[in-house]
Amino acid sequence: GPPVGDEVLMEVGRRLSLQVREGDTVGRRGGNEFGFVMANVAHEHDAITLAQRMLEAISTPFEAHGTSFSLTASIGISVAPRDGDDADTLLKAADMALARAKEAGRNGFRFYSPAMDADASRRLSLEIALRDALARQELYVVYQPQASLDTGHLIGMEALLRWQHPQYGVVSPAEFIPIAEETGLILAIGQWVLETACVQTRRWLDIGISSLRVAVNLSTRQFRQSNLVQQVDNVLKRSGLPPQHLELEITESAFIDDVQGAVAQALALKALGVKLSLDDFGTGYSSLAYLSRFPFDKLKIDQGFVRDITENPVNAAIATAAIVMGRSLNLSVLAEGVETEAQARFLRSRRCDAMQGYLYSRPLLHADFE
């Protein structure tokens, strides 16, 4: 609450003030952000030493209202005159470096570079373009087949979003999905993807492909919507897709902050008759006790563990443990990013149920998939 927050902010200010040398300035810029002006710097290395001292000072456990806890900080650094010769320019550069420090995993520091300015400019341009991408019909859906490792038969597909921009060409989902998440555009876009995938799957069922199930990703913001269950139900009714042919993929980030609410949301989705899958398994904080509370039907092993599964004993052990964990919870297990027959053999020998990846097929436009 605010009293504890105020107490911590004052303590952070006190600790940072202890790092001040003669001629330096430290102050709070607002919220939980502080600024530090370091005068008479002989070398960039001096700023590194200061940043490391700040991180150490803040990482020392705090005592507030009888509770002990630890914090981390991220630091962005700009240097005059290389990065600017006035306060506004230097603060802007430091802000960009701070954003990069957070992207790098937090609890660290980054220096400003001109590339950050170019990245920020491109990001802003993409954000503006993304707001009209749906209306301009620049977004489209591709389908990556999923196959049984036991029989080799097609069992379903994952619907994947793509963006073809007239100026930037094909924009990577890794670049534009985070922008959509941060701006809230993911809600409208995610709804469109769900509707498109359900309508297409219904068409395939109508021409006699009866075994298909389409997997659609739900973003964190989508999953936390209070009216999500009603939205999914409406899409199923409009498209005519039987609920058992829809699988919703959820990552741990969607429920890590509110497990109880997330369990209730998941149970309500299951009541519709759809399947639920835990995506990117192994990259978060999954545990047997944790997962047993959720009504998942499937675990998807992240491709990062599959990529060098035959050469890296650590990834091999993680993938094997994930398969064992899934089976212990009566879940089917699918491995993403399978590109070689050796990987498929390894997974098959560990009794993994299904695979998705270039070994079987790349993501395809609906006509090519058909």
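The values are calculated or read from the model by the stated rules, or taken from the named source; none is laboratory data. What you are looking at is a predicted structure, and each value in this text was computed from that prediction instead of being measured. Please note: Cβ atoms are built from the backbone with ideal geometry, for glycine as well, and neighbour counts cover all protein chains shown. Note: areas computed on protein heavy atoms with side chains; ligands, DNA, RNA excluded. Shrake-Rupley method; radii C 1.70, N 1.55, O 1.52, S 1.80 Å.
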Quiz item: Considering region 58-73 alone, what residues qualify as being hydrophobic (A, V, I, L, M, F, W, C), part of a strand (DSSP E or B) and under 16 Å from ARG14 (Cα atoms)?
Solution: PHE62, ALA64
Quiz item: From the set of residues in region 144-160 that are surrounded by fewer than 16 Cβ atoms within 10 Å (Cβ to Cβ) and of a type outside the set (Ser, Thr, Tyr), which is nearest to THR340 (Cα to Cα)?
Solution: GLY152
Quiz item: So which pairs qualify, if the first residue must be in region 51-65 and closer than 12 Å to ASN107 by Cα and in contact (Cβ under 8 Å) with a residue 24 or more places away in the chain, the second must be among the aromatic types (Phe, Trp, Tyr) and in a strand (DSSP E or B), the Cβ gap must be under 6 Å, and the two must be at least 6 apart or on different chains?
Solution: ALA51/PHE109
Quiz prompt | Filter result for the condition that a residue is more than 30 Å from ARG162 (Cβ to Cβ), in a loop (DSSP other than H, G, I, E, B) and in contact with a helix residue (DSSP H, G or I) (Cβ under 7 Å, 6 or more places away or on another chain), over GLY84, GLY76 | solution = GLY84
Quiz item: Can you tell which of VAL216, VAL141 is closer than 24 Å to LEU334 by Cα, hydrophobic (A, V, I, L, M, F, W, C), open to solvent by less than 10 Å² (accessible area, probe 1.4 Å) and at pLDDT 95 or above?
Solution: VAL216
Self-check item: Subset of region 234-248 (residues that are closer than 19 Å to ALA188 by Cβ and crowded, with 18+ Cβ neighbours inside 10 Å)
Solution: VAL235, LEU236, SER239, LEU248
Exercise. Consider ALA73 carefully, then state whether it is open to solvent by less than 50 Å² (accessible area, probe 1.4 Å) and either closer than 17 Å to ILE179 by Cβ or touching a Leu at 6+ places or on another chain (Cβ under 8 Å) (or both).
Key: yes
Quiz item: Which of the residues that make up region 166-180 are open to solvent by 60 Å² or more (accessible area, probe 1.4 Å) and over 27 Å from LEU347 (Cβ atoms)?
Solution: PRO166, GLN167, TYR168, VAL170, GLU175
Practice problem: Could you please find all residues in region 321-334 being under 26 Å from MET157 (Cβ atoms) and either free of Cβ contacts under 8 Å to residues at least 60 places away in the same chain or among the acidic types (Asp, Glu) (or both)? | Solution: ALA322, ILE323, MET325, GLY326, ARG327, LEU329, ASN330, LEU331, SER332, VAL333
Exercise. Name the helices (runs of 4 or more DSSP H) wholly inside region 305-370 in which the number of residues that are modelled with pLDDT under 90 and open to solvent by less than 30 Å² (accessible area, probe 1.4 Å) is 3 or more.
Key: 313-328
Exercise. Answer yes or no as to whether GLN265 is closer than 24 Å to ASP233 by Cβ and open to solvent by 80 Å² or more (accessible area, probe 1.4 Å).
Key: no
Self-check item: Residue count for region 81-114, restricted to those that are open to solvent by 60 Å² or more (accessible area, probe 1.4 Å) and out of contact with any strand residue (DSSP E or B) (no Cβ under 7 Å at 6 or more places or on another chain)
Solution: 13
Self-check item: Set TRP163, TRP192: member being modelled with pLDDT of 95 or more and open to solvent by 50 Å² or more (accessible area, probe 1.4 Å)
Solution: TRP192
